[in-house]
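First up is the structure itself, then whatever we jot down about it.
The values are calculated or read from the model by the stated rules, or taken from the named source; none is laboratory data. Just so it is clear, the model here is predicted, and its values are computed rather than measured. When we count neighbours, we look across all protein chains shown, and the Cβ atoms used for this are built from the backbone with ideal geometry, even at glycine.
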Amino acid sequence: MHRFIVALAAFAFCSIFALSQQIELSGRILDARGNPLPVAHAELRRAGRLEPLVQVRANPDGSFALSANGEGLFLLRLAGLHHRAVEIPLVVGSAGVRERLTVQLATLRFPETRDSVLLSHRGALPTTTEGTLLRERKEGYILGGLRRGNHYRIVIRGHGRGVVTASSRDSLMLAPDGYYVGILHTDSLEFDPAELPRRSDAVTITCQSAEWQQIADAYQALVQYQQAYADSSNAALARAALAGGSAGDASAIHTSLGAWRWRDTIVARLATARSPLAEQFWLLFALALPAGDGTAELHRRALREIPPSSPLWALDPQLVFQALAHRTDAERRQFLDALIETNPDTTARATSAFTELVAAYTARDRERARMLYTVLTKRCPTHPLAKTAARFNPDRRIQRGARLPDFRLPGKQRGTAITSERVLGQPVLIAIVLGDCQPCAERLAELAQWRDSTKRQLRVLVASVGTPSGELARVLERIPHDLSILPSPSAPELEPFEIEGFPSFVLTDATGTIRATSQELRTLRTDVGRYLDEQP
């Protein structure tokens with residue numbers, strides 16, 4: 001009997017294991033010249049997730065092999081020391097995936113001229129200025145005074161943006177966030193900038209399967225186009241900030257990037273696609289292009305051929321909204337509701353539900369907002385957007401158009417109180433702050449500027465966790481206000497205000513109707529007057 005139970009348990013385990021599809025990936029990670037990288041790794045994770053399911057370090061010859069089980073959309077990330085990582089999507093169905101591939105990575109963009117080398121702390125960024133400035137010697141740079149087991153980062157600074165990097169010696173490892181940290185076992189280390197690889201912007205991906213080659217090509221084209229668009233947009237904003245003009249429209253940026261040539265490339269690739277899945281990836285790329293002549297038809301085709309239940313929407317859930325931008329409200333809602341209901345990917349469901357929740361909340365469609373809020377909190381409880389959705393809960397007490405809830409805050413004098421009844425009769429701004437909070441001081445300084453520019457009456461009630469000090473105290477001297485001091489952020493007197501962070505604001509009119517909350521009051525200098533003037 002015991003043997004029978006053991007055999008039955010083993011059979012059940014094998015059956016469950018078999019239901020989870022097998023993923024087997026192998027290949028090599030090389031530099032632009034085809035040489036193995038001294039430090040490289042491969043990792044596999046689910047789309048929309050940061051934590052890898054499995055991570056392996058490449059062998060000295062650049063080879064790697066990893067395996068996992070699962071079904072749906074995954075991303076294979078290949079990275080190497082001094083080189084930019086690449087990601088390759090994998091859609092795992094009932095047959096599993098077995099693929100072999102070789103990548104040649106592009107180098108990081110090191111400064112063309114080197115001004116200095118900085119030894120910095122573990123969390124240093126390329127723009128950091130904190131650390132120890134290293135002096136160059138004949139043999140390079142000597143990193144001394146390093147503690148055994150500590151983590152360091154090396155920042156090479158020059159004209160333009162710096163790069164966080166490290167020596168290619170074995171004692172320096174690739175960090176999970178893509179930067180390079182020193183896991184040091186000695187008290188000194190020699191660093192030679194000559195070890196940096198020659199610059200190469202080319203990325204080459206070679207897959208054994210023709211289908212996966214087309215998928216990899218389509219995804220890399222999408223990523224490169226989106227990155228180029230983001231870089232051009234940021235550059236336009238920077239120029240506009242310096243010149244004081246407009247950053248221009250999106251269509252001009254798309255034109256400068258050759259969007260129409262890309263459209264023709266997509267049409268040609270669709271004609272030679274080896275599988276429906278490869279077609280879907282190229283159609284997904286088409287959604288990143290503006291809906292102009294010829295592209296609009298590709299957008300319509302994408303909605304027809306990439307169903308709401310497709311895991312591909314998890315690669316960039318915002319692309320579905322670009323695809324639906326020119327559809328009717330009924331078509332848009334039908335597609336999104338189907339995606340939220342049937343898509344197996346949590347990120348795709350959560351992003352779509354959250355975007356629709358914000359729209360429904362803003363339009364005061366309480367019934368739809370309540371449904372979407374339930375989807376986020378019940379079906380996607382572990383996704384970060386489920387927590388953010390609390391701001392748009394249609395049943396929360398602190399929201400535009402609602403009645404200011406009853407509250408009772410301690411007054412300045414012992415035994416006195418400030419209540420909701422006392423503040424009725426004129427517009428009121430309730431500011432909930434921390435006593436030593438610099439962002440709180442900056443926001444209230446905006447309010448002081450508004451008060452200096454108007455003769456309108458506005459009562460200000462400041463509920464401070466701890467006595468105001470420093471810059472906050474100086475700002476409050478400029479603003480007539482009622483002050484209530486509370487012992488902690490969890491004080492029960494603050495519960496009616498549904499605080500999510502500091503500072504928090506509630507603006508009401510003379511009748512006690514909430515006109516705006518922290519969600520709407522982005523700039524107190526301009527928004528207070530605007531929302532008081534707006535009809536409820």
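Descriptive notes on the structure:
- The set of residues in the range 371-402 that are buried (at least 17 other Cβ atoms within 10 Å of the Cβ) and of a type in the set (D, E, K, R) comprises R391, R400.
- In the range 309-330, the residue that is surrounded by the fewest Cβ atoms within 10 Å (Cβ to Cβ) out of those that are among the hydrophobic types (A, V, I, L, M, F, W, C) and in a helix (DSSP H, G or I) is A330.
- Check on P344, surrounded by fewer than 18 Cβ atoms within 10 Å (Cβ to Cβ) and within 27 Å of I88 (Cβ to Cβ): yes
- Being outside the structural domain of R333 (by TED's automatic domain parsing), modelled with pLDDT of 85 or more and of a type in the set (A, V, I, L, M, F, W, C) is a condition met by no residue of the range 377-388.
- Tabulated pairs, the range 500-513, first under 18 Å from E446 (Cα atoms), second among the aromatic types (F, W, Y), C-beta under 6 angstrom, 6+ apart or interchain: L507/Y531
- Within the range 446-497, considering residues that are under 32 Å from the mean Cα position of the chain (by Cα) and touching a residue at least 60 places away in the same chain (Cβ under 8 Å), the one surrounded by the most Cβ atoms within 10 Å (Cβ to Cβ): L447
- All helices (runs of 4 or more DSSP H) inside the range 208-306 with 2 or more residues being surrounded by 13 or more Cβ atoms within 10 Å (Cβ to Cβ) and in contact (Cβ under 8 Å) with a residue 60 or more places away in the chain: 210-243, 276-286
- Among residues of the range 375-386 that are without any contact (Cβ under 8 Å) to a residue 12 or more places away in the chain, none has a beta-carbon under 8 Å from a residue that is in a helix (DSSP H, G or I) and surrounded by fewer than 20 Cβ atoms within 10 Å (Cβ to Cβ) at least six positions away or on a different chain.
- Just one of the numbered conditions (1) in the same structural domain as T517 (by TED's automatic domain parsing); (2) modelled with pLDDT under 90; (3) not small (G, A, S) is not true of I418: (2).
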